[in-house]
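First up is the structure itself, then whatever we jot down about it.
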Amino acid sequence: MIPILDSKRQYAKIGAEVEKAVCEVLRSGSYILGPNVKALETELAEYIGCKYTVALNSGTDALHIALRALDIGKGDEVITTAFTFVATTESIEIVGATPVFCDIDPDTFNIDASKIEDLITPHTKAIMPVHLYGQPADMDKIMDIAKRHNLYVIEDCCQAIGAKYKGQKVGTFGDIGCYSFYPTKNLGGMGDGGLITVNSENLKNRIVALRNHGGAIRYHHDEIGVNSRLDEIQAAILRIKLNYIDEWNKARREHAATYNELFSGCSDIQTPKELADTYCVYHQYTVKIPNRDNIHKMLQEAGIGAMLYYPIPLHMQKVHAHLGYKMGDLPITEKNTECVISLPMFPELTLEEQKTVASTLIECIEKSKALV
Ligand SMILES: *Cc1c(COP(=O)(O)O)cnc(C)c1O
């Protein structure tokens, strides 16, 4: 059995450090928004390369609090992708705004910047690119469009901590960047967590208030906020893991190169492409294959933890049915949804395991060809 991700192997390496830090928090008596959260915010601002970060309860909260902080709500449109996790567009609906789906680039899986301008209306307020699978979106083009049309940009960086576009980390191009520390992410806590990156002090202050019931001063509430505070245990764990993130992302990139090599002789497997001058952090290693659903079953039976991210494009989800999209509206997104499969990918994955994954996948493709 080769899982898509094995968190236990990571814990085996850092467990002693984590347990020590957690015990210190337990003894400290300070459990929420304390010194570890403060330190984590500073360390992550430095790591990502922005002025401020605000630690939150989840990536989903980061996204909808970002929209709230920019006063995006009812009657406003946000251009984004349908090839992502539902939290991206859920956040737009949470604030009462309308997601407008842009098709994707077939090679990078990210929003196709050349199709954004056609979707801009007088109601458009923001563009929300997602750096899917750890691959940066085409930020030069997106920022150029945003500047010319006076739109906000909110980057969904939940899968892409450490990823770089032309040497600059994602989450520092737009007005706000949103990160998740869900346990399966490249920098994952041992519970939920999230983060906003921002350069404007005013926006930062608003986000800090929204995080804690809409008031900067305790028991003074200026607007309706939420409870999206990060706890000290998660912050202490994340601070330890932050010391390893570059090493772990590097290992993921090396595994991706190894997979590419192992698949180089198989024309049925389309390996992931990177944009020029980007540093992809391979949250997922996702290939395109024929007869995907059959092969997915065969891989599962063979003990390979392959996954489908994501099996239904968001414009076809029930939750967004009221938007009135139909099949055929986003042809590249729909086509990708049918043929993508993500293979085991985590820093501790071994070469032997990668070889097994690769040979099993190639075998399954041959078998499925014989079936049809
Ligand atoms: C994980 C994820 C989110 C949501 O993060 P949570 O911390 O689980 O709320 C949002 N967008 C994308 C692209 C994600 O992968």
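The values are calculated or read from the model by the stated rules, or taken from the named source; none is laboratory data. Values in this document were obtained by computation on a predicted structure and should not be read as measured data. Neighbour counts run over all protein chains shown; Cβ positions are idealised from the backbone, glycine included.
Some values worked out for this structure:
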{"read-out": "Check on residue 252, within 16 Å of the ligand (Cβ to nearest atom) and in the same structural domain as residue 307 (by TED's automatic domain parsing)", "value": "yes"}
{"read-out": "Which listed residue is surrounded by fewer than 16 Cβ atoms within 10 Å (Cβ to Cβ), farther than 18 Å from residue 349 by Cβ and of a type in the set (Phe, Trp, Tyr), from 219, 310", "value": "219"}
{"read-out": "Pair list, Cβ < 8 Å and 6+ apart or interchain, from segment 141-159 residues that are closer than 25 Å to residue 61 by Cα to residues that are among the small types (Gly, Ala, Ser) and away from the ligand (no atom under 16 Å from the Cβ)", "value": "142/113; 152/146; 153/146"}
{"read-out": "Options 338, 366, 352; residue that is of a type in the set (Asp, Glu), part of a helix (DSSP H, G or I), touching a residue at least 12 places away in the same chain (Cβ under 8 Å) and surrounded by fewer than 19 Cβ atoms within 10 Å (Cβ to Cβ)", "value": "338"}
{"read-out": "Those residues of segment 322-343 which are touching a Phe, Trp or Tyr at 6+ places or on another chain (Cβ under 8 Å) and under 17 Å from residue 302 (Cα atoms), in sequence order", "value": "342, 343"}
{"read-out": "Matching residues, segment 1-29, being assigned to a loop (DSSP other than H, G, I, E, B) and surrounded by 13 or more Cβ atoms within 10 Å (Cβ to Cβ)", "value": "3, 4, 5, 6"}
{"read-out": "Residue within segment 66-75 that is touching a Leu at 6+ places or on another chain (Cβ under 6 Å), over 26 Å from residue 285 (Cα atoms), of a type in the set (Val, Ile, Thr) and surrounded by 19 or more Cβ atoms within 10 Å (Cβ to Cβ) present", "value": "no"}
{"read-out": "Candidates 276, 235, filtered to the one that is part of a loop (DSSP other than H, G, I, E, B) and either under 18 Å from residue 133 (Cβ atoms) or under 22 Å from the mean Cα position of the chain (by Cα) (or both)", "value": "276"}
{"read-out": "Qualifying position, being within 25 Å of residue 182 (Cα to Cα), within 12 Å of the ligand (Cβ to nearest atom) and not assigned by TED's automatic domain parsing to the domain that holds residue 278, among 95, 130", "value": "130"}
{"read-out": "From the options 241, 288, residue that is touching a strand residue (DSSP E or B) at 6+ places or on another chain (Cβ under 8 Å), buried (at least 17 other Cβ atoms within 10 Å of the Cβ) and in contact (Cβ under 8 Å) with a residue 24 or more places away in the chain", "value": "288"}
{"read-out": "Inter-residue pairs, beta-carbon under 8 Å, first not assigned by TED's automatic domain parsing to the domain that holds residue 283 and in segment 182-199, second of a type in the set (D, E, K, R) and near the ligand (Cβ under 9 Å from one of its atoms), 6+ apart", "value": "182/192; 194/61"}
{"read-out": "Pairs, first in the same structural domain as residue 44 (by TED's automatic domain parsing) and over 18 Å from residue 96 (Cα atoms) in segment 56-67, second among the aliphatic types (A, V, I, L, M) and within 8 Å of the ligand (Cβ to nearest atom), C-beta under 6 Å, six or more apart", "value": "56/62"}
{"read-out": "Residues of segment 58-92 satisfying the condition of being within 11 Å of the ligand (Cβ to nearest atom) and part of a helix (DSSP H, G or I)", "value": "59, 60, 61, 62, 63, 64, 87, 88, 89, 90, 91"}
